[in-house]
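This report refers to the structure that appears directly beneath it.
The values are calculated or read from the model by the stated rules, or taken from the named source; none is laboratory data. Note that the structure is predicted; figures quoted are calculated from it, not measured. Glycine gets a Cβ as well: all are built from the backbone with ideal geometry, and neighbour counts include every protein chain shown. Side chains are part of the model used for accessible areas, which takes the heavy atoms of the whole protein and leaves out ligands, DNA and RNA. Shrake-Rupley method; radii C 1.70, N 1.55, O 1.52, S 1.80 Å.
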Amino acid sequence: MDQSPLRSEDMMLDEQMLSLLPDDGAPVLNRMVRLSLSRTVERRVTQQEYFKIRDQLIADGKIGRARGPGGQVYLIQDPDDPPHPLISQTLPITEADLMPFLENYLETAFQTGLDLPSGSHFILEDTSQRGPRRGQWARPDFILVTLLRYRFQPQKQLDLHAFELKTENGCNVQAVHEALAQTRFTHYGHLVWHLPENSPHTVRLEDIRAQCISHGVGLILMREPGDPESYEILVDARRKNTPLAIVDGFLEARLTDENQKRLARLLGV
Amino acid sequence: MSAVIAIANMTGGVGKTTTAIALGETLATQGAEVLIIDLDAQGNTSFSIAGPRILQNLSETGRTIESYLNARLLERKSRRISDIIRRSVSSVLHDDEQLSLSIICATPNLRHVEQKIIVQLTKAGISWEEIEGEIRKILARDITNLRKRFDYILFDCAPGISAATEAAIKLADLMIMPTIPDFVSTQGVPAFIDSIFGEPDDNKKPWVLFTRVKARSRHQRTYKSLLRENANKPGGTYRVFQVEMPEMVHVPEAMSQSVTFTNTGRMSYNAKWRDFAQPLHALSEEVRRILPNGCGFQPDGNLQVHGG
Ligand SMILES: Nc1ncnc2c1ncn2[C@@H]1O[C@H](COP(=O)(O)OP(=O)(O)O)[C@@H](O)[C@H]1O
Ligand SMILES: [Mg+2]
């Protein structure tokens, strides 16, 4: 702790500015660049200072000036040094982007992990757009119904899981409470968090994990969205004794007609 | 003279963090130098103001409140509070200038450090009161130095029981208690005050601030008048702000830091807080009025002008 790292101030302002601009050459408002520069070097960078650096960088051919309200600058790309494809991806990943990956994971690695006895059934439904909006927290992103068949017993056990998906910077303690609130209607609540390795958001992990443990909410980390093997189940969900009538009503509101019919058939209703 | 304000309530989710950030930013638009100190291990204030990257950097380089408390109380090392202050941290502009806002961050590790402090000092035969007194002594000395550099020092306190929170409340010039005027949130008000002050002196009485106020709620109206009545009774242990903070849908959104290069829509104070800015300015005025004489920053003339 005593060996303090290189302070950001030690880097020259113009280098700082170049490193702040998006690699893919996307233009950024001058006042946004100046604000980011001040935040990075931990002191106020005056307008005068900023424009001096900017004009020098333009003169050196390192950045360009884009038209538009407020004035924008952009990084001029070095043709010999193409931007790294991952870094140049500036658009944030949304929940909608992640949904198909989560669906794939639930149908593959997650299902395998449940280790259902043979003859059991597995029905997955994307509920992010379905059902009444009523009630702040009653709409999970996915629900999953498993129907367990036992070899020597006639009855079947129905388990209902809810999954709440959060983006890298969209996950906080409140998300745990959202996932928990869904167990008012289901047996299991899971929080799925897109948290790449080395993400700066890892600072929140311990807190979120502790909250999940104390509420019995499952926590699944999505490391590489496209790779089901990279997902980590950090906390196992605890089964809640949700009354059957409530589960029933929830299924009716959330499952498509088709899946409702399928479930009824499987249950022999 | 600067003002030290503790924003505290035993109950979570009543708007402590929202009040700390929104009031801090409002005072900064009026030209004041503001420091926010996060004492809550949830780190919501830190996360919202610093954002993930700066927060991770502060955490890795030991510039957090827990690393400071750890050094001062457990390792008995000298550690300057000014070294853990993160300056120029705001991503909010007013009149095209960055708000003059600094922060001392907390991360979830604060919980472990506080536990360690209590365990180790208790083992050494030191009582809770003495632990709190020790933290208060250390904080008080360091805060006295900071008073020269900041017009306002705001503590965003932890819910529940925390020695650092208790110390901050006791050394503050003013304690603001954000409270949702409903049954659940108002229940703990007298007990919390009693647990900290017993019978507070007149000048130490905390100020209840109604938050998330719904104009149409009869239930809330009942609790508001109940608390206002109790405050005015002889022997009342708290007072109530005149201004009330309305519930507004865009407030939670404003708190989640999402200004990026591609999303610059909310980078100015007015775009961030919108209609909430009016009650905020009223709150800042009232805070100035009730602060002990000479405390805080007196903006001259036009409130909207920001130095620079
Ligand atoms: N005036 C308001 N209008 C709408 N939502 C609010 C308001 N004040 C606070 N909130 C929301 O209430 C929740 C709790 O507020 P927060 O400030 O984090 O409380 P605390 O710090 O006391 O735990 C947050 O989701 C916050 O966005
Ligand atoms: Mg808080």
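Within the set of pairs 6+ apart or on separate chains, which have a first residue in segment B:146-174 that is within 14 Å of chain A (Cβ to nearest Cβ) and in contact (Cβ under 8 Å) with a residue 60 or more places away in the chain, a second that is within 16 Å of ligand 2 (Cβ to nearest atom) and among the polar types (S, T, N, Q), and C-beta atoms under 7 Å apart? Listed by first residue and then by second, the contacts come to B:A158/B:T165; B:P159/B:N9; B:P159/B:T11. Scanning segment A:37-64 for residues that are at the interface with chain B (Cβ under 8 Å from one of its Cβ atoms) and open to solvent by less than 20 Å² (accessible area, probe 1.4 Å) returns A:S38, A:V41. Regarding segment B:225-245, can at least one residue be identified that is within 16 Å of ligand 1 (Cβ to nearest atom) and either exposed (fewer than 15 other Cβ atoms within 10 Å of the Cβ) or in a strand (DSSP E or B) (or both)? Within segment B:225-245, not a single residue is within 16 Å of ligand 1 (Cβ to nearest atom) and either exposed (fewer than 15 other Cβ atoms within 10 Å of the Cβ) or in a strand (DSSP E or B) (or both).
Taking the criterion of being among the charged types (D, E, K, R) and either open to solvent by 20 Å² or more (accessible area, probe 1.4 Å) or in contact with a Gly (Cβ under 6 Å, 6 or more places away or on another chain) (or both), the residues of segment B:74-105 that qualify are B:E75, B:R76, B:K77, B:R79, B:R80, B:D83, B:R87, B:D95, B:D96, B:E97.
Checking the structure you have, find out if any residue of segment B:63-72 is more than 10 Å from every other protein chain (Cβ to nearest Cβ), assigned to a loop (DSSP other than H, G, I, E, B), in contact (Cβ under 8 Å) with a residue 40 or more places away in the chain and open to solvent by 10 Å² or more (accessible area, probe 1.4 Å). No: zero hits. Within segment B:196-206, can one find any residue that is open to solvent by less than 30 Å² (accessible area, probe 1.4 Å), among the aliphatic types (A, V, I, L, M) and either in contact with a Ser or Thr (Cβ under 8 Å, 6 or more places away or on another chain) or within 13 Å of ligand 1 (Cβ to nearest atom) (or both)? Checked against the condition, which is being open to solvent by less than 30 Å² (accessible area, probe 1.4 Å), among the aliphatic types (A, V, I, L, M) and either in contact with a Ser or Thr (Cβ under 8 Å, 6 or more places away or on another chain) or within 13 Å of ligand 1 (Cβ to nearest atom) (or both), segment B:196-206 yields no hits at all. Residues that are modelled with pLDDT of 90 or more, over 13 Å from A:G189 (Cβ atoms) and not charged (D, E, K, R) within segment A:215-258 comprise A:L221, A:M222, A:Y231, A:I233, A:L234, listed in sequence order.
Scanning segment B:185-210 for residues that are in a helix (DSSP H, G or I), without any contact (Cβ under 8 Å) to a residue 40 or more places away in the chain and within 19 Å of the chain's Cα centre (by Cα) returns B:I196, B:K204.
Taken over segment B:104-116, residues that are touching a helix residue (DSSP H, G or I) at 6+ places or on another chain (Cβ under 8 Å) and more than 11 Å from chain A (Cβ to nearest Cβ) amount to 4. Just one of the listed residues (A:P92, A:P82, A:P140) is open to solvent by 50 Å² or more (accessible area, probe 1.4 Å), touching a strand residue (DSSP E or B) at 6+ places or on another chain (Cβ under 8 Å), assigned to a loop (DSSP other than H, G, I, E, B) and at pLDDT below 90, namely A:P92.
B:D173: at pLDDT 90 or above, surrounded by fewer than 24 Cβ atoms within 10 Å (Cβ to Cβ) and in contact with a Phe, Trp or Tyr (Cβ under 7 Å, 6 or more places away or on another chain), yes or no? If you could, list the steps in order and put the result at the bottom.
Details: at pLDDT 90 or above: yes; surrounded by fewer than 24 Cβ atoms within 10 Å (Cβ to Cβ): yes; in contact with a Phe, Trp or Tyr (Cβ under 7 Å, 6 or more places away or on another chain): no.
So B:D173 fails the test.
Against the conditions (1) in a loop (DSSP other than H, G, I, E, B); (2) within 11 Å of another protein chain (Cβ to nearest Cβ), B:A50 satisfies every one except (1). All of (1) within 16 Å of ligand 2 (Cβ to nearest atom); (2) in contact with a strand residue (DSSP E or B) (Cβ under 6 Å, 6 or more places away or on another chain) hold for B:N44 with one exception: (2).
Say we look at segment A:13-51 and pick out the residues that are in a loop (DSSP other than H, G, I, E, B) and more than 29 Å from the chain's Cα centre (by Cα); which of these is farthest from B:S90 (Cα to Cα)?
Step one: of segment A:13-51, the residues in a loop (DSSP other than H, G, I, E, B) are A:21-27, A:42-46.
So of that shortlist, the ones also more than 29 Å from the chain's Cα centre (by Cα) come out as A:42-46.
On the way: A:E42: 10, A:R43: 11, A:R44: 11, A:V45: 13, A:T46: 15 Å.
Taking the candidates together, the pick is A:T46.
Applying the criterion of being open to solvent by 30 Å² or more (accessible area, probe 1.4 Å) and free of Cβ contacts under 8 Å to residues at least 24 places away in the same chain to the residues of segment A:14-32, the residue that is nearest to the other protein chains (Cβ to nearest Cβ) is A:L20. When segment B:17-41 is limited to residues that are among the charged types (D, E, K, R) and within 22 Å of B:A140 (Cα to Cα), the one that is farthest from ligand 2 (Cβ to nearest atom) turns out to be B:E33. Filtered by the rule that a residue be within 22 Å of B:R136 (Cβ to Cβ) and at pLDDT 95 or above, segment B:10-33 gives B:K16, B:A20.
Residue count for segment B:153-170 under the criterion of being part of a loop (DSSP other than H, G, I, E, B), aliphatic (A, V, I, L, M) and buried (at least 24 other Cβ atoms within 10 Å of the Cβ): the result is 1. Among the residues of segment B:16-45, those identified as under 18 Å from B:E286 (Cα atoms), within 13 Å of ligand 1 (Cβ to nearest atom) and not hydroxyl-bearing (S, T, Y) are B:K16, B:A20, B:I21, B:A22, B:L23, B:G24. Residue under question is B:I180, and the condition is that it be more than 14 Å from chain A (Cβ to nearest Cβ), open to solvent by less than 70 Å² (accessible area, probe 1.4 Å) and within 16 Å of ligand 2 (Cβ to nearest atom); does it hold? Yes, satisfied.
Based on this model, can you work out whether B:V89 counts as within 11 Å of another protein chain (Cβ to nearest Cβ), under 25 Å from B:R274 (Cβ atoms), in contact with a helix residue (DSSP H, G or I) (Cβ under 6 Å, 6 or more places away or on another chain) and not polar (S, T, N, Q)? Considered against the rule, which asks whether it is within 11 Å of another protein chain (Cβ to nearest Cβ), under 25 Å from B:R274 (Cβ atoms), in contact with a helix residue (DSSP H, G or I) (Cβ under 6 Å, 6 or more places away or on another chain) and not polar (S, T, N, Q), B:V89 comes out as yes.
On the stretch given as segment A:215-235, residues that are outside any strand (DSSP E or B) and in contact with a strand residue (DSSP E or B) (Cβ under 6 Å, 6 or more places away or on another chain) total 2. Scan segment A:176-206 for residues that are modelled with pLDDT of 90 or more, open to solvent by less than 10 Å² (accessible area, probe 1.4 Å) and assigned to a helix (DSSP H, G or I) and jot them down. Selection gives A:V176, A:A179. As a summary of the residue check, B:S256 satisfies the conditions (1) modelled with pLDDT of 90 or more; (2) open to solvent by 50 Å² or more (accessible area, probe 1.4 Å); (3) within 13 Å of chain A (Cβ to nearest Cβ) except for the one numbered (1).
Take B:N57 and tell me if it is within 16 Å of ligand 1 (Cβ to nearest atom), within 11 Å of chain A (Cβ to nearest Cβ) and closer than 23 Å to A:C171 by Cβ. No: the conditions fail for B:N57.
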